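Undergrad: Got a structure here, written out as structure tokens. Questions coming.
The values are calculated or read from the model by the stated rules, or taken from the named source; none is laboratory data. These figures come from a predicted structure and were not determined experimentally. Cβ: placed from backbone, ideal geometry, glycine included. Neighbour counts: every protein chain shown. Each accessible area value is taken on the protein alone, full model and side chains, heavy atoms only, with ligands, DNA and RNA left out. Shrake-Rupley method; radii C 1.70, N 1.55, O 1.52, S 1.80 Å.
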Amino acid sequence: MIKQHALTVIARLRQESVPGLRVLLDMIDQDIESNSIIPFSRLTTIHFARFVILEASELDGEMIPPQLSFSSNFDGPLDDHLKELFSVAGSGFDQVYQHCADYNAEGDISQKIAYFKQHSLPPPNAFYIGHRGLSVQMIQKQNQIRNAIEMFLNQNPQDNYKPSEIRQNILNFLESAGLRDIKPPEIVLRTLWGPVLILLGSILLLGLVISWAFVLKLFIAIVVFLIIWTIILRMKEKTDPEIQIETDDWKKDNLIQKIQTLKKDEDFVVQNQLTHLVPIKKGLFRLITLKAVLWAINLLANVFYNKGKLGNIPTIHFARWVIIDNNRRLLFFSNFDGSWESYLGDFIDKAAVGLTGVWSNSELFPKTKFLVFEGATDEERFKYWTRTYQITTQVWYTAYKNLTVVNVLNNNEIHQGIWKEKMTENEIIDWLRKL
Amino acid sequence: METLQIEDIQGILIRGYKNLRGARFILCQITDVQAARQLISDLLPVITRGDEKAEEKALNIAFTYKGVQKFNMNLSRNFSEEFQEGMDSVDRQRILGDYNSNDPKYWHWGVRNSGTEIDLIIMLFAPSNNAIDTIFSQVYENIRKSGVLVVKELNSEKLENDREHFGFHDGVSQPVLESMSRKKNATDDNIIADGEFIFGYTNEYGKEAISPTLTNGFDFGKNGSYMVFRQIQQEVHTFWDFMLRHSNQDNDAAIHLAAKMMGRYPSGTPITLSPLKDSEDPEMFMENNFNFYKDDKYGDKCPIGAHIRKANPRDGVNDNPEESTTVSKRHRILRRGRPYGPPLIEDMNVPKMLDAIKAGQMPEENIGLHFICFNTNISRQFEFIQQQWMNNKKFDHLYNDPDPIIGVDGKPPVNGTNKPEPPGEFTLQACPVRKKLLDVPQFTKIKGGAYFFLPGLDALQQMQKS
């Protein structure tokens, strides 16, 4: 089964080269698929990719220099992905990265790959995949198959056939059209059982090897720890400031202007993107809490939310949280279906607890209770907070701009059904419903 | 439970003035603010309040952002972004999909830099449109004195049996405000928090919508609402001609197909409750107590892309009826639309309409609906419904189905060039396999529109004094 991964490369920019880079990135974005600098549609391993300039900014009285972030969601091994980037669009990446402080455009491909690896972050603190086990090529192939079947049905009404005959007609058509050449992938998803067994196993081991009294003490210690943690948390939640709807004219105008530039890039295709960068609340307590929540979300994304819904949100292709700048800022990338308004609505309606659990540890988040409650459900304040910390994505690429997550998964089920040896009448009826 | 300050709320939010069959919408520009203040103070005593029954006449007024601005109110917290920008702005155009034939550049009114921007709307209601001149002669006198410039007057007369121009019973499904729910027999799914439609009350998130506020602390939004107005021209001939062509010119089949697209029969009967043919029970014509998940999950009766299912999916999306209901309740609007222009057939009998069309009779070109709705968060309610449900070809698990009745499905120009979107499809889910209608044309065109703010009576006092 093909595995999808997340690459995040963050390199420091020279302050004076930021304006020039902005122009270059704009040129790429104007014709994202086939521009002459980085023609993204020729990069076959990429699902989604983006360049984002993290502007110079002040944090706790210290200047953080401007940085360039390149991130991708890609298929297969990292080395193959990087090799493709540089063999297909090497000179384009040179043009971009010559704006960075320590990039050597003269070097050979292996040096450039080494540069990317050196500046790449460890895997995201939390990474969500909406359609596991489906490569870019497979997603496109499956859509081609589905489109062909739809066309066949449009031209050949099936009014007088039984379900099993209709299926056979479709299979015959695919055979004749040469569309039964590729088998669907076998997708094996992890389940909750893995982590549960590991946990039970460890408890058993501790009990047998050390003693059951020790396990009990450990359990009590954890409970005591959680009580203390909760008390500290509640104290903090009562005093942490939350964002106020800006009334100061100058700041208000700045924000409105920024939101307007963000909106200009939205709603051109079926999907949209979001890049969000927010300082983490000061102190070890919040940092450790944040890391623990992200760890848990990452685990759940792997073993539970791995069938196309995060929380209950069915519209996210890929999303990731990464902690950057020496544990001081939290960066969030997302590729989703539909509008910003509907995505944020989904956050609140379908996944408020998880998202509040994460972002309550960051600056000025709407007031929370017990880490995960309230917060995001303060609808208008939460949307305002999100826009406040959202940043511009200079370059954004999607490999299947006409497909939603629901479409991708449905296409796969159609494909799987084509290759199934035996199907009952009911299974055939269910399968035909996917058309 | 909250109690509405009904005497401070303009009447149109509380009732639809059903008995007042005639209406006129006077769209004005304010040239002299002092005179406009005088106009407000002249009108204040005759503005219809929520606690009046309004049997003989009704009058309500609302302002665009440009209009409010002229009064120099000192706002410490401004109106929402979308209200400030206005319906004809580039951003709202993108969200509403108003491109190509719906582009504001073709609108008859409400367009910036064209002399048709609107500051103020005066809405008059009377037993018939003809009676308006006499009943409101004093109001006309006040308008004349105030020197406001009348940009346009939009007339309306209700059609027989509450039909709209395609021939369908309109306005059956309305949310019931929570504080008024004891009076009406409504189901929980259809009882919506007052704050979704009126500022100053709790909304579906258990919060109060962020309301414009004056520097002196006065809650300017309180008891007011945002009013969305869109003039929707209906292409009645295109509509029925399409249905007839896809039904071998058979009236019954054409009506059934149109009912599939609408989700209700012309009578109003929901097709999900009566899938094969229209019911004869008049109770069904007003029926609104139904859901989709349990008996019509796949759309075999009411297609997933049908107009009423896209406008209010009830419990039918994302395979999770409870959550779907909660979400649907957060995207509702209170509708107060009125038809305009002469109908094809006076009594709105649909088979007769079809015969007329087959006989080559053409409806008047300029007929349609003055769509009016109220909400406190335009981007989460009206715009969301238009963008994410109506125009969205990917609604639920669909691939390429915009709303067949009012979906406009336009995309912003790429690098300056505006490519018309290919026509949408309409999928008729069925067992054993679906049918599809291809190349469904647009049956409506947007001809004007604006976002208004309908203030409470106290807020109007503030404007008059300011």
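Undergrad: Using Cα atoms only, what is the angle between the long axis of helix B:137-146 and the major principal axis of chain B, expressed in degrees (0 to 90) to the nearest 10?
TA: Once rounded, one gets 60 degrees.
Undergrad: For the range B:140-260, which whole-number percentage of the solvent-accessible area (1.4 Å probe, protein heavy atoms only) is attributable to carbon and sulfur atoms? Numbers along the way, then the final one.
TA: Working: 2000 of 4700 Å².
The computed percentage sits at 43.
Undergrad: How large is the helix-only mean residue ellipticity at 222 nm for chain B, computed as the sum of -39500 (n - 2.57) over DSSP H runs with n ≥ 4, divided by its residue count, in deg cm²/dmol to the nearest 500?
TA: One gets -6000 deg cm²/dmol as the mean residue ellipticity at 222 nm.
Undergrad: Same structure again: Quick one: accessible area per residue over the range B:189-265, 1.4 Å probe, rounded to a whole number of Å²?
TA: With all protein chains present, the range B:189-265 gives 28 Å² per residue.
Undergrad: While we're here: Could you compute the net charge surrounding A:D240? Neighbours are other residues with a C-beta less than 15 Å from the C-beta of A:D240; K and R count +1, D and E count -1. Could you put the intermediate results ahead of the total?
TA: Numbers: positive: A:R234, A:K236, A:K238, A:K281, A:K282, A:R286, A:K367, A:K369, A:R381; negative: A:E237, A:E242, A:E363, A:E374, A:D378.
Taking every other residue near A:D240 into account, the sum is +4.
Undergrad: Please turn the phi angles of the range B:159-168 into ³J(HN,Hα) values with the Karplus equation 6.51 cos²θ - 1.76 cosθ + 1.60 (θ = phi - 60°), one per residue in order, whole Hz, x for glycine and proline.
TA: Here the 3J(HN,Hα) series is 8, 3, 6, 6, 8, 9, 5, 5, x, 9 Hz.
Undergrad: Please sort by residue number the GluC sites (Glu not before Pro) in the range A:11-55 whose DSSP state is loop and whose Cβ has at most 12 other Cβ atoms within 10 Å.
TA: On the way: sites: A:E16, A:E33, A:E55; in loops: A:E33, A:E55.
Hits after loop and neighbour filter: A:E33.
Undergrad: A follow-up question, please. Per residue, how large is the accessible surface of the range B:45-119? Use a 1.4 angstrom probe and give square angstrom. Can you show the working numbers first?
TA: Working: 3110 Å² over 75 residues.
That works out to 41 Å² for each residue.
Undergrad: Angle check, please: helix B:236-245 long axis (alpha carbons) against the longest principal axis of chain B (alpha carbons), in degrees 0 to 90, nearest 10.
TA: 10 degrees
Undergrad: What is the local net charge at B:E322, summed over the other residues whose Cβ is closer than 13 Å to its Cβ (Lys, Arg +1; Asp, Glu -1)? Mind dumping the intermediate values first?
TA: Working: positive: A:K350, B:K294, B:R314, B:K329; negative: A:D349, B:D188, B:D189, B:D315, B:D319, B:E323.
Taking every other residue near B:E322 into account, the sum is -2.
Undergrad: For a quick check of your reading of the filter: which trypsin sites (Lys or Arg not before Pro) in the range A:232-339 sit in a DSSP loop and have no more than 16 other Cβ atoms within 10 Å? Could you put the intermediate results ahead of the total?
TA: Values: sites: A:R234, A:K236, A:K238, A:K251, A:K252, A:K258, A:K263, A:K264, A:K281, A:K282, A:R286, A:K291, A:K307, A:K309, A:R320, A:R328, A:R329; in loops: A:K281, A:K282, A:K307, A:K309, A:R328.
Those that pass, being in a loop and sparsely packed, are A:K282, A:K307, A:R328.
Undergrad: Next question, about the same structure. Count charges around B:D458 for me, please; just the other residues with Cβ under 13 Å from its Cβ, Lys/Arg as +1, Asp/Glu as -1. Don't skip to the end; give the middle numbers.
TA: Values: positive: B:R49, B:K222, B:K465; negative: B:E7, B:D8, B:D219.
In short, 0.
Undergrad: Could you check how much of the accessible area of the range A:1-121 is carbon and sulfur, as a whole percent, using a 1.4 Å probe? Before the final figure, lay out the partial values.
TA: On the way: 2540 of 5240 Å².
Its accessible area is 48 percent carbon and sulfur atoms.
Undergrad: Using a 1.4 Å probe on protein heavy atoms, which residues of the range B:45-83 have at least 50 Å² less accessible area in the complex than alone?
TA: Flagged in the range B:45-83: B:E81.
Undergrad: Taking DSSP loops as anything outside H, G, I, E and B, show the longest stretch in chain B free of trypsin sites (Lys or Arg not before Pro) there with at most 11 other beta carbons within 10 Å. The partial results should precede the final answer.
TA: On the way: sites that count: B:K18, B:K53, B:R182, B:K183, B:K184.
Result, exposed sites excluded: B:185-466.
Undergrad: Given a Förster distance of 35 angstrom, what is the FRET efficiency for A:L59 paired with B:Q462, based on the Cβ-Cβ distance and rounded to 0.05?
TA: Values: r = 43 Å, r/R0 = 1.24.
Computed FRET efficiency for A:L59 and B:Q462 comes out at 0.20.
Undergrad: Just from its helices, what would the mean residue ellipticity at 222 nm be for chain A, if runs of 4 or more DSSP H residues each count -39500 (n - 2.57) and the sum is divided by every residue, rounded to the nearest 500 deg cm²/dmol? Mind showing how you got there, number by number?
TA: Details: 14 runs with 212 residues, N = 435.
Helices in chain A give a 222 nm mean residue ellipticity of -16000 deg cm²/dmol.
Undergrad: Angle, helix B:251-262 long axis vs. longest principal axis of chain B, Cα atoms, 0 to 90°, nearest 10?
TA: So the inclination is approximately 50 degrees.
Undergrad: Between the alpha-carbon centers of the range A:384-410 and the range A:130-170, tell me the distance in whole angstrom.
TA: The range A:384-410 and the range A:130-170 have Cα centres separated by 27 Å.
Undergrad: Here is a follow-up. What is the Cα centroid distance between the range A:27-103 and the range B:73-136, reported in whole angstrom?
TA: 44 Å
Undergrad: With every protein chain left in place, what is the accessible area per residue of chain A in square angstrom, probe 1.4 Å?
TA: Using a 1.4 Å probe on heavy atoms only, each residue of chain A averages 46 Å².
Undergrad: Restrict the search to the range B:319-358; then list the GluC sites (Glu not before Pro) that DSSP places in a loop and that have at most 10 other Cβ atoms within 10 Å of their Cβ.
TA: Those that pass, being in a loop and sparsely packed, are B:E346.
Undergrad: A drop of at least 50 square angstrom in accessible area, chain alone versus all protein chains together, probe 1.4 Å. Which residues of the range B:430-454 meet that?
TA: Checking the loss per residue gives B:P432, B:V433, B:R434.
Undergrad: Tell me, what % of the accessible area of the range B:274-334 is carbon and sulfur with a 1.4 angstrom probe? Mind dumping the intermediate values first?
TA: On the way: 1440 of 2800 Å².
So the carbon and sulfur contribution to the accessible surface is 51 percent.
Undergrad: Using a probe radius of 1.4 Å on protein heavy atoms only, what is the accessible area buried between chains B and A, both sides summed, to the nearest 100 Å²?
TA: Values: alone 19850 and 21930 Å², together 37900 Å².
What B and A bury together is about 3900 Å².
Undergrad: Okay, next question. Using protein chains only (no ligands, no nucleic acids) and a 1.4 Å probe, work out which residues of the range B:169-206 have their accessible area cut by at least 30 Å² relative to the chain alone.
TA: The answer is B:Y205 - residues whose exposure falls by at least 30 Å² when every protein chain is included.
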